Amino acid sequence: MFLTQEEEDILAGKRGPGLQKALSLLVKYGDAFGAERLVPVAAAHVWAIDPYEFLKDLTEDVTRAGAPLVTTHPYTGCFDPDTWKDMGVPTDFAMAETELVKKRSPIIKRLNFLPTFTCLPFLVGNFALKGQILSWMGSGVQIMANSLIGARAQREGIVSVLASAITGKTPYMGLLKPENRWAQIVVKLDGINIEKCNEADLQAIGYYIGAKVGDKNIVLEGVPTWFSFEQLKNLMVPLPVSGAVAMCHIAGITPEAPTVQDALGHRKPEEEIIVSKKEIDEVYFEYAGADGEPVPLVVLGCPHLTIGELEQVASLIEGKRVKSRLWLGTAEQILALARRMGYADIIEKAGGVFARCCMAGIPFGQFPEGTNVVATNSIKAAHYISRIGGIKTIFGTTEDCVKAAVAGKWKSRV
Amino acid sequence: MSKKILKGRVINGGKAEGKAVVLKTPFSFIGDFDPATGTLTKGHPMEGTSIAGKILVCPTGKGGTVAPYIAYIAKTRKLTPIAILCQSVDPILALSALTIDIPILDRFDVDIISEIKTEDELEVDGEQGTVAICGK
């Protein structure tokens, strides 16, 4: 790969060991994918809980982030330093996490990383623009940045985003290059009235498509251009859970794709895939709950709940009281807004607990005792919690989940 | 013993010798893998199979961006694969391998998923970009 004199100096260690390690990692990674050079990033979004030794290593002698703007992803492992007691998380585990937070915090502050602790950084100040190059972790925001905003985010993980935040650079490759962003596969809906689909149906559609198309770019036909951010989020976030999709064109919404033909770059698609109601039903079947099955824990907010979704939860739960534990993942900044609107108080009065943690990654922590089933309105959380935690997950609508939390048990719709 | 030599592209170098575990579906360290035991998780077609100390052969990567961390945690317990071979790797699986610094190769001259069988003895040479299947 071509390197500027400044980059050569960093690689030679002239600017300190942290920058050297971070840049060398990016060069190795870029070389592997045939990147010809490094380019500046407009913003980075990094993990909140990088292993301390790793974070210390990569930031040694670094005084400030190289990227102009850096935000942090949620806490992972059912832990929020403010609300873990109310979440019912075991004390020993929480104390150990608290110590780690204390060790990491000075580094994060020194580097000027903004402690946003959310998986939707563009809702809280990490505002992306069309054409900007981003180094963001979070498969959900990567696909949304590419497909809804027209910013450019490569599918990458916690290591490279931290290196990009520190150096301010990323290898120019993959989805950062316009020629790699065209759709390869056309996806059509058959016999599905998408306008009538609820939030769970939309996620089930995305989950099925992801497993079918792997890492290809797709164009999804039949999605109304008036769909809300939440509806589009529900369609897109599952695509890189069951699969590895990071670019989902929707004609009339994706800035690069006024039409399906534009999305395809005026080329013939490699394949066409049809989704029918049968495939949606299969997804529900995989994560079905039995009628009357006790549900000790209900989690909402993967990705983090928006202000609109918090309003919906508040209206469903107002005046009721939960029997199960109810955790709601959202950003602190969105929670402040929900408090102003009165939603937060309604939810807390009903027994809900807010947390700035990743609701899909909760099994990396320690569950409250007796948590053997988790119900969630997120297919992504259902997928990861069942696999990482080895415990049963039930997937349903927000209403199904709130009702289950109030009753303490699942109520089957069929 | 005879050996069949396959040629691929090196993403991270190094050498490894061991038994293959061949997956037919894309792999992620998050979701498919339990870093506490080094085995494939519940719901995986090969649930319970250990990939610790093995050479993982799979079509490509998939899934969430936290995967390199899971690989890192498994490494602290010495429970990771010792090399990864893919048909065509995705960036996150590549970064997972880079994080734990094990050889990772892809784009072979043959279809590795049908050519290599689970339990085959492999010699991975991440300097030459070759994989030898022993006994073939």
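The values are calculated or read from the model by the stated rules, or taken from the named source; none is laboratory data. The structure presented is a predicted model; accordingly, all values stated were derived computationally and were not measured. Every residue, glycine among them, receives a Cβ derived from its backbone with ideal geometry; neighbour counts consider all protein chains shown. Please note that ligands, DNA and RNA were not included when accessible areas were found on the heavy atoms of the full protein model with its side chains. Shrake-Rupley method; radii C 1.70, N 1.55, O 1.52, S 1.80 Å.
Structure values in brief
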{"quantity": "Residue A:66 vs. criteria within 11 Å of chain B (Cβ to nearest Cβ), within 24 Å of the chain's Cα centre (by Cα), surrounded by fewer than 22 Cβ atoms within 10 Å (Cβ to Cβ) and in contact (Cβ under 8 Å) with a residue 24 or more places away in the chain", "calculated": "no"}
{"quantity": "Condition met for residue A:57 (in a helix (DSSP H, G or I), over 18 Å from residue A:135 (Cα atoms), open to solvent by less than 50 Å² (accessible area, probe 1.4 Å) and out of contact with any strand residue (DSSP E or B) (no Cβ under 6 Å at 6 or more places or on another chain))", "calculated": "no"}
{"quantity": "Breaking point among (1) within 9 Å of chain A (Cβ to nearest Cβ); (2) surrounded by fewer than 21 Cβ atoms within 10 Å (Cβ to Cβ), for residue B:13", "calculated": "(1)"}
{"quantity": "Single residue of the range A:359-387 satisfying the filter (open to solvent by 30 Å² or more (accessible area, probe 1.4 Å) and not in a loop (DSSP other than H, G, I, E, B)) that is nearest to residue A:210 (Cα to Cα)", "calculated": "A:380"}
{"quantity": "Counted residues, the range A:14-46 - those being touching a strand residue (DSSP E or B) at 6+ places or on another chain (Cβ under 7 Å), closer than 30 Å to residue A:98 by Cβ and within 13 Å of chain B (Cβ to nearest Cβ)", "calculated": "3"}
{"quantity": "Of residues in the range A:323-341 being open to solvent by 20 Å² or more (accessible area, probe 1.4 Å) and not in a helix (DSSP H, G or I), the one farthest from residue A:358 (Cα to Cα)", "calculated": "A:323"}
{"quantity": "Number of positions in the range A:342-353 that are within 26 Å of residue A:115 (Cα to Cα), in contact (Cβ under 8 Å) with a residue 24 or more places away in the chain and open to solvent by 10 Å² or more (accessible area, probe 1.4 Å)", "calculated": "3"}
{"quantity": "Members of the range B:16-30 that are touching a residue at least 60 places away in the same chain (Cβ under 8 Å), buried (at least 22 other Cβ atoms within 10 Å of the Cβ) and assigned to a loop (DSSP other than H, G, I, E, B)", "calculated": "B:26, B:28, B:29"}
{"quantity": "Given (1) modelled with pLDDT of 95 or more; (2) surrounded by fewer than 19 Cβ atoms within 10 Å (Cβ to Cβ); (3) of a type outside the set (A, V, I, L, M, F, W, C), number of the condition residue A:400 does not satisfy", "calculated": "(2)"}
{"quantity": "Which numbered condition residue A:188 misses (of (1) of a type in the set (Lys, Arg); (2) touching a residue at least 24 places away in the same chain (Cβ under 8 Å); (3) within 30 Å of residue A:355 (Cβ to Cβ))", "calculated": "(3)"}
{"quantity": "Matching entry among B:18, B:48, B:53 (being closer than 16 Å to residue B:97 by Cα and of a type outside the set (Lys, Arg))", "calculated": "B:53"}
{"quantity": "Within the range B:31-79, tally of residues that are facing another protein chain (nearest Cβ under 9 Å), β-branched (Val, Ile, Thr) and either surrounded by fewer than 20 Cβ atoms within 10 Å (Cβ to Cβ) or outside any helix (DSSP H, G or I) (or both)", "calculated": "6"}
{"quantity": "Failed condition for residue B:98, given (1) part of a loop (DSSP other than H, G, I, E, B); (2) within 13 Å of the chain's Cα centre (by Cα); (3) not β-branched (Val, Ile, Thr)", "calculated": "(1)"}
{"quantity": "Answer residue from the range B:91-127, given it is among the charged types (D, E, K, R) and closer than 25 Å to residue A:216 by Cα and is most open to solvent (accessible area, probe 1.4 Å) among those", "calculated": "B:107"}
{"quantity": "Matching residues, the range A:239-276, being more than 14 Å from every other protein chain (Cβ to nearest Cβ), surrounded by 14 or more Cβ atoms within 10 Å (Cβ to Cβ) and assigned to a helix (DSSP H, G or I)", "calculated": "A:260, A:262, A:263"}
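Per-residue answers, yes or no, for (1) touching a Pro at 6+ places or on another chain (Cβ under 6 Å); (2) within 14 Å of another protein chain (Cβ to nearest Cβ); (3) modelled with pLDDT of 95 or more; (4) not in a loop (DSSP other than H, G, I, E, B):
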{"position": "A:116", "(1), (2), (3), (4)": "no, no, yes, no"}
{"position": "A:129", "(1), (2), (3), (4)": "no, no, yes, no"}
{"position": "A:134", "(1), (2), (3), (4)": "no, yes, yes, yes"}
{"position": "A:145", "(1), (2), (3), (4)": "no, yes, yes, yes"}
{"position": "A:160", "(1), (2), (3), (4)": "no, yes, no, yes"}
{"position": "A:164", "(1), (2), (3), (4)": "no, yes, yes, yes"}
